[in-house]
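So the structure is just underneath, and the comments pick up after that.
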Amino acid sequence: MMSRDSGASLILSLLISAVLDSDGLSPPGKPRLTSCRSPEKETFTCWWEPGSDGGLPTNYSLFYRKENSDTVYECPDYHTAGRNSCFFSKNDTSIWVNYNITVVATNALGSNFSDPVDVDVVYIVQPHTPENLTVVLEDEDNPFLVVRWEPPRMADTRSGWITLIYQLRVKLEKEEEWEEHFAGQQKQFNIFSLHSGEVYMVQVRCKPDHGFWSEWSATTYVKVPDYISRERSIWILIAVFSTFIFFVFIWTMHINRNSVKHFLLPPVPGPKIKGFDTQLLKSGKSEAVFSALVIQGYPPTSYYDDLLVEYLEVYDNKEQVLMLDRKDLQESLFKSKSSSDTDSGRGSCDSHTLLMEKCVEPKEDQTMMPQVKDSEASRDLVMKNDSNTPESTNVKTKTWPTICSSYHYDQNPCYHSIPEMPRQCHISSNHFASTHQQDYWESPADIYHKKPPSGYRYAQAYSEFNIKGIALKEATFPASKSLEYVEVQHVNQENTLILKPIGQEGPDLFHAACTGHDYSRVNRVVSDNVFLLQRDTSGQCHSDCQEREAPVRSCTQQQPGKPADHLQVPRVQETHLAPNGYVDTATMLSY
Amino acid sequence: MSKNVRPGSLFVLLLMCLDLHTLVESAPICAHGHTGCHSPTLSDLFDRVIQHSARMHGLSSDLHSDFEQYFLPSRNQIGRINRKCHTAYILTPNGKENAQRLAREELTEVILKLLAAWRDPLSQFHRSMARHEDFTSISGNKALEMSDMVHQLKNGVEKVAEKMQLLGMISNSLMSLSSTEALAPHSASSEARSMSDYELLYCFRRDSNKVQNYLKILKCRIVAEHGC
């Protein structure tokens, strides 16, 4: 009977459920406890989430068990906290006690239990938001915000039951980001560095020492009036002051602009020539400028000029050319040095060794002779001479010593070294003469076939300076004599000037003629291409009246008269000699 | 005559030395009522003790969460223990009203009882923690610090109680109680030994929270300055 009844009820329930299922009805779904919270650690509330209701009105109930107790209690208050919630009042709440809470959903078809949740009220405290948030602007000159608030009403901080810590956040109304500040347990906070004329928003929240943060309180707005912050005013003051200083500085610089310019851009020192007036030069009066440079009584130039003049007066209108030539010669003599000499400073004749080098120098020039257009003969001779260079150089130097001997007084502008040079030159020439005299003798023709010093290059253009090895008065070449001069012996038919070296005995060239050297002085120029040689009738010297070419008259045409007449050269000091003690007849003859 | 005086004088000297020694030892450096001496006020003492208890509770919370994280007890064990804490025999107020209803002396006594009850189990806990291989050295240090802190906190609370008694805020009956009550019953200790590490941590976390809370209530009740 009983089994029949139970079986019947079972079949009936199955049928009903089958019928209900066909309609979509079912027992409720499983509810879920979402959270439990306590605002002041004295009461708490639990909320749940209902599952599916199964199409039927479902009833939810909450049951709980306290720690270590099997007594099941049901939620005392389902309404205070709203729908699907359970509110535990003070009487029902025990702190430091573990609650085991379950929600049951029940409908006509069945019930469903949620998963149990263990809750200890101490750890689920989430207070309400702080209250009475006030923001006050203080100190109009340099304003700052004073933010004050109260703890939530329900939280009992006065008795020490709850300890709350606070946090506030501030932002400008137009901004996005909040600026958060931690206030600890205090209920007041100051905010500085405000933007003038802006609106600020302030919020505050709190948290128990072990628990959850509350929600942010309602926003409080505050407007900061326009003001000039102390910081900005200081900056303005500094800016004004520095501007003033800057202007003073600029003014000072302007006043002293010249000295500033000198300091920053020091003037480049220009050439300083005593007596040189750049203004005068700019004005275009070059004559005046250059005349200012001329120092009266500047011996080398004047001596040279005098000497040139002394010589040149003998000649006719060609003397200008000759003058030039002489000048060029001088230059070339100097230049000869420089052509192979990289040091231009050495042209200033500072060292006494200069002339030594100059004495040696000509050899180099004469080696360069092949470069200049030359007569074949001389070229050959040069080559031949080159073969035995040492001797040839020595030989060459003999032709050149004119520089030394003649220069030792006047031609070098370096006065201080004058006394030395002749000795040296003399020594050198003597040395050469003594040691290599044989060489000289061996190739006397070489000398004459050599190209003349470069100074005479131009002379070569005019006529072939072809000194043949005509019979030289070898006897007239004393061994000790240095061959510094070349005397014109005669001019042959081909308009060539035959020269022979003159033995030179130092300063007294003019009246050294009587020491046995043969040389001729030009008496005068008679006409074109004709000059008269003077026979030196003084003393023991007698010049050789050699046959000369037609254009040249020799001693036959010697005119009586004082040597002074003939020469018409102002007799300067005997110590002063021309660069060459002889006449550049070659140039003369070309005309 | 002289012979008698000499030993007598020596004896007196010895006694005096001893007395001075004891006097120096027993007497506090800053005697009550001395001027120019900065003895901590009750408020300062309370603040120190509360800070200490906060630190202790922080350590216990950290260890408990570490334990839950690393040892992953079964889900049904999280937040719940099967057994009572060994300090369940101590009647502690479970609410604000209950706590406020208690007298100061009783409250102080509860605090001291709680602290006394945890001294041995925590040292035991520290030793058992060291045996766990998974626990890091930091957790081991925390456990050691925690056990030291309980001892120090108890001394501190005793000092506070002394001060309160000196100031007449509480009756003198407390001192006798604390000395006898401090000796935790054997049963409680044995019960603690049978608890697992997790259970110990769970219980201690709660009890340290209680201590901290009670101290705050006590302070606010006794040192009622500007709204606590």
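Can you tell me which residues in the stretch A:67-80 are within 14 Å of chain B (Cβ to nearest Cβ) and of a type in the set (D, E, K, R)?
Correct list: A:67, A:70.
Looking at (1) modelled with pLDDT of 80 or more; (2) exposed (fewer than 15 other Cβ atoms within 10 Å of the Cβ), which is the one condition that is false for residue B:173?
Exception for residue B:173: condition (1).
What number of residues in the stretch A:150-162 are away from every other protein chain (no Cβ under 11 Å) and touching a Lys or Arg at 6+ places or on another chain (Cβ under 6 Å)?
0
Return the residues of the stretch A:127-153 that are acidic (Asp, Glu) and surrounded by 17 or more Cβ atoms within 10 Å (Cβ to Cβ); say none if nothing qualifies.
None - no residue of the stretch A:127-153 is acidic (Asp, Glu) and surrounded by 17 or more Cβ atoms within 10 Å (Cβ to Cβ), so the list stays empty.
Being under 29 Å from residue B:144 (Cα atoms) and either surrounded by 14 or more Cβ atoms within 10 Å (Cβ to Cβ) or at pLDDT 90 or above (or both) is true for just one of B:75, B:48. Which residue is that?
Exactly one residue qualifies, and that residue is B:48.
Inside the stretch A:48-82, can you point out the residues that are in a strand (DSSP E or B) and buried (at least 18 other Cβ atoms within 10 Å of the Cβ)?
A:48, A:60, A:62, A:64
Among the strands (runs of 3 or more DSSP E) contained in the stretch A:163-220, which hold 2 or more residues that are more than 16 Å from residue A:136 (Cβ to Cβ)?
Answer list for the stretch A:163-220: A:164-172, A:179-184, A:199-208.
Could you check how many residues of the stretch A:154-174 are among the charged types (D, E, K, R) and surrounded by 13 or more Cβ atoms within 10 Å (Cβ to Cβ)?
3
Quick one: which residue in B:144, B:114 is assigned to a helix (DSSP H, G or I) and surrounded by fewer than 20 Cβ atoms within 10 Å (Cβ to Cβ)?
On inspection, the qualifying residue turns out to be B:144.
Would you check if residue A:83 is of a type in the set (D, E, K, R) and within 14 Å of another protein chain (Cβ to nearest Cβ)?
No; evaluated as a whole, the condition is false for this residue.
Within the stretch B:191-225, take every residue that is part of a helix (DSSP H, G or I) and without any contact (Cβ under 8 Å) to a residue 60 or more places away in the chain and give me the one that is farthest from the other protein chains (Cβ to nearest Cβ).
So the first thing to find is which residues in the stretch B:191-225 are part of a helix (DSSP H, G or I), and the list is B:191-194, B:197-222.
Now narrow it down to the ones that are without any contact (Cβ under 8 Å) to a residue 60 or more places away in the chain: B:194, B:220.
On the way: B:194: 16, B:220: 3 Å.
So, considering only residues that are part of a helix (DSSP H, G or I) and without any contact (Cβ under 8 Å) to a residue 60 or more places away in the chain, the one farthest from the other protein chains (Cβ to nearest Cβ) is B:194.
Does residue B:15 satisfy the condition of being away from chain A (no Cβ under 14 Å) and at pLDDT 90 or above?
No, not satisfied.
Tell me which of these residue B:228 doesn't satisfy, since it passes every other one: (1) within 14 Å of chain A (Cβ to nearest Cβ); (2) farther than 27 Å from residue B:86 by Cβ; (3) modelled with pLDDT of 75 or more.
Unmet for residue B:228, out of (1) within 14 Å of chain A (Cβ to nearest Cβ); (2) farther than 27 Å from residue B:86 by Cβ; (3) modelled with pLDDT of 75 or more: (3).
Condition first: away from chain B (no Cβ under 14 Å), in a strand (DSSP E or B) and among the polar types (S, T, N, Q). Now tell me which residues in the stretch A:99-146 satisfy that. Step through it out loud before you land on a result.
Taking the stretch A:99-146 and keeping what is away from chain B (no Cβ under 14 Å), we get A:103-114, A:126-146.
From what is left, the residues that are in a strand (DSSP E or B) are A:103-107, A:110-113, A:131-138, A:144-146.
Matches in the stretch A:99-146: A:106, A:107, A:111, A:112, A:132, A:134.
Please give the number of the condition residue A:156 fails out of (1) in a strand (DSSP E or B); (2) under 30 Å from residue A:220 (Cα atoms).
(1)
Can you work out which of the residues in the stretch B:176-190 that are assigned to a helix (DSSP H, G or I) and in contact with a helix residue (DSSP H, G or I) (Cβ under 8 Å, 6 or more places away or on another chain) is modelled with the highest pLDDT? Lay out the reasoning, then the answer.
Here is the first cut: in the stretch B:176-190, the residues assigned to a helix (DSSP H, G or I) are B:176-181, B:186-190.
The next check asks that each one be in contact with a helix residue (DSSP H, G or I) (Cβ under 8 Å, 6 or more places away or on another chain); those that pass are B:177-178, B:181, B:188-189.
Values: B:177: 51, B:178: 52, B:181: 51, B:188: 69, B:189: 72.
Checking each candidate, the answer is B:189.
Here is a check on your reading of the model: is residue A:93 in contact with a Pro (Cβ under 9 Å, 6 or more places away or on another chain) and within 14 Å of chain B (Cβ to nearest Cβ)?
no
Would you confirm whether or not the stretch A:23-35 contains a residue that is surrounded by fewer than 17 Cβ atoms within 10 Å (Cβ to Cβ), of a type in the set (A, V, I, L, M) and over 26 Å from residue A:207 (Cβ atoms)?
No, the stretch A:23-35 has no match at all.
How many residues does the stretch A:205-252 hold that are touching a residue at least 60 places away in the same chain (Cβ under 8 Å) and within 14 Å of chain B (Cβ to nearest Cβ)?
3
The values are calculated or read from the model by the stated rules, or taken from the named source; none is laboratory data. What you are looking at is a predicted structure, and each value in this text was computed from that prediction instead of being measured. Ideal geometry is used to build each Cβ from the backbone, glycine not excepted, and the neighbour counts take in all protein chains shown.
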